[in-house]
Amino acid sequence: MMQFTARDRLKFLTGAAALGLGACGGGGGGGGGGSSASAPAPVAVTPTPPVTPPPVTPAPAGTTLQSAFNANFKMGTALNGQQIAGPSGDIARDEFNSITPEYELKANNIAPTQGVFNFDQADRVVDWAIANGKEVRGHALLWHEATPDYFLQGTPAQIRTRLETYITTVVDHFKDRIKIWDVVNEVVSVDIYNGNNGVGPDRDTAWLQAVGSGDYIDWAFRAARAADPDAVLFLNDYNTENPIKRAWLIEIVQRLLDRGVPIDGVGHQFHFQPDTEISAAAGAIDAVDGLFAGLIQHVTELDMNMYSDPGTCWESETGCAADLGANPPAANLAAQAQMARDLFDVLKARSSVESVSVWGVRDGDSWLNFSPTERFNHPLLFDRSGNPKPAYRAITDPDYEI
Ligand code: 9MR
């Protein structure tokens with residue numbers, strides 16, 4: 001039952017949203033260390049001297065990311081309010097059909113002070129997206145890194161009431177514009193290498209400590225469903241390509257379903273590094289498909305880091321890979337292009353994947369230029385000037401030779 005309900009709901013809503021657009025008219029700390037918990041083994045940076053990459057020939061006329069994947073899934077990007085009136089906004093308008101406000105919808109932006117809601121920044125980005133005909137992914141109703149301190153004061157019952165009030169108010173405010181929510185973000189344990197140490201699948205965050213259990217996840221989903229019965233509700237996390245973390249994610253999803261908690265989908269952030277195996281990413285999608293037929297899957301924050309850093313870089317900015325500079329070696333761009341092509345081939349073949357978003361438009365927009373350390377990074381599909389990179393060509397043009 002569930003499988004049809006969730007997917008049908010999204011299909012219906014996608015259509016409904018499209019219809020509604022005309023009527024609407026106008027309208028490190030980030031990342032929880034992103035890849036930090038994966039603590040990848042140090043990988044030597046290829047000692048190739050930087051060379052200017054060959055110019056990328058233009059895509060076939062008329063091809064955009066959204067048109068290339070129109071038959072498969074929405075193509076989305078993170079975008080923030082500073083970017084909408086600039087070159088990244090122009091590219092987002094032309095190339096993508098889904099927008100995730102990069103930070104404006106988080107609790108520390110909407111309600112930094114208890115009882116005071118300010119939607120100005122979020123409305124601006126959301127209205128821009130709607131005016132340009134985009135679907136909007138609401139990110140995120142609950143994230144420990146974006147939770148103001150006051151949220152977690154008092155008893156679990158008081159925390160629950162506060163959370164329910166917050167979610168009800170926010171989901172209701174955007175009800176006509178946002179039909180997809182990352183309800184909880186990064187709640188799965190990250191203790192990947194040391195075993196679980198009795199913590200369980202739930203991540204040891206201030207939420208878990210304040211509430212005393214993972215019940216806050218249930219509260220969040222139930223409040224979101226009550227506020228908008230039509231909204232499609234996701235649990236979103238990173239490193240799902242790691243089998244140990246994935247097992248914990250699955251344990252939590254199973255627990256939610258067993259309790260009748262209304263979850264419709266799983267979001268895989270997919271913050272990749274050069275050594276990420278695409279087969280592992282495929283394994284993440286397939287594991288969810290295999291166990292929870294009917295759950296929708298989204299790729300929510302795709303980027304392809306040019307660096308493989310050791311855990312110490314994420315923890316203390318020591319041992320970080322050397323800066324590749326503003327012009328990365330052509331070999332790195334080619335490897336990234338191959339990774340992108342392999343990934344998109346995997347995603348296209350999986351019907352549960354209904355949306356794929358990159359975490360930023362141009363390389364210069366990415367959080368990875370500052371995290372885990374300040375350095376030129378090149379993790380996205382467009383370069384700093386807004387030109388499509390080899391990775392863009394590799395996924396939009398099957399004849400493009402990497
Ligand atoms: O990219 C986002 C950055 O601009 C924000 O300052 C930060 C805090 O709000 O969040 C970043 O996005 C994160 C996302 O919300 C969750 N997964 C990891 C992303 C990178 O940190």
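The values are calculated or read from the model by the stated rules, or taken from the named source; none is laboratory data. Note that the coordinates shown come from a computational prediction; the quantities given were computed from them, not determined experimentally. Glycine gets a Cβ as well: all are built from the backbone with ideal geometry, and neighbour counts include every protein chain shown. The accessibility values were calculated without ligands, DNA or RNA, using every heavy atom of the protein model including side chains. Shrake-Rupley method; radii C 1.70, N 1.55, O 1.52, S 1.80 Å.
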>> Exactly one of these conditions fails for Thr240: (1) within 16 Å of the ligand (Cβ to nearest atom); (2) surrounded by fewer than 23 Cβ atoms within 10 Å (Cβ to Cβ). Give me its number.
In response: (2)
> Considering the range 211-233 alone, what residues qualify as being open to solvent by 30 Å² or more (accessible area, probe 1.4 Å), more than 19 Å from Leu249 (Cα to Cα) and touching a helix residue (DSSP H, G or I) at 6+ places or on another chain (Cβ under 8 Å)?
Replying inline: Ala226, Asp230
> Does the range 75-117 hold any residues that are basic (Lys, Arg) and open to solvent by less than 70 Å² (accessible area, probe 1.4 Å), and which are they?
Replying inline: Lys106
>> Exactly one of these conditions fails for Trp248: (1) within 24 Å of Asp191 (Cβ to Cβ); (2) within 16 Å of the ligand (Cβ to nearest atom); (3) surrounded by 17 or more Cβ atoms within 10 Å (Cβ to Cβ). Give me its number.
In response: (2)
> Does Asn377 meet the test of being polar (S, T, N, Q) and open to solvent by less than 10 Å² (accessible area, probe 1.4 Å)?
Replying inline: yes
> Can you find even one residue in the range 210-217 that is assigned to a helix (DSSP H, G or I) and under 19 Å from the mean Cα position of the chain (by Cα)?
Replying inline: yes
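Taking the stated definitions as given, is Ser351 away from the ligand (no atom under 16 Å from the Cβ) and either of a type outside the set (Lys, Arg) or closer than 15 Å to Asn239 by Cα (or both)?
Working: away from the ligand (no atom under 16 Å from the Cβ): yes; either of a type outside the set (Lys, Arg) or closer than 15 Å to Asn239 by Cα (or both): yes.
Yes: the conditions hold for Ser351.
Looking only at the range 251-273, how many residues end up being of a type in the set (A, V, I, L, M) and open to solvent by 10 Å² or more (accessible area, probe 1.4 Å)? Outline the logic, then answer.
Of the range 251-273, the ones of a type in the set (A, V, I, L, M) are 252-253, 256-257, 261, 263, 266.
Still in the running and open to solvent by 10 Å² or more (accessible area, probe 1.4 Å): 257.
So the answer is 1.
I'm trying to understand the selection: among the residues of the range 362-374, which are in contact with a helix residue (DSSP H, G or I) (Cβ under 7 Å, 6 or more places away or on another chain) and either more than 10 Å from the ligand (Cβ to nearest atom) or under 16 Å from Leu79 (Cβ atoms) (or both)? Outline the logic, then answer.
Quick first cut of the range 362-374, residues in contact with a helix residue (DSSP H, G or I) (Cβ under 7 Å, 6 or more places away or on another chain) only: 362, 365, 367, 371-373.
Passing the criteria: Arg362, Asp365, Trp367, Pro372, Thr373.
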>> Residues that are more than 16 Å from the ligand (Cβ to nearest atom): list the helices (runs of 4 or more DSSP H) wholly contained in the range 70-140 that include at least 2 such residues.
In response: 87-95, 120-131
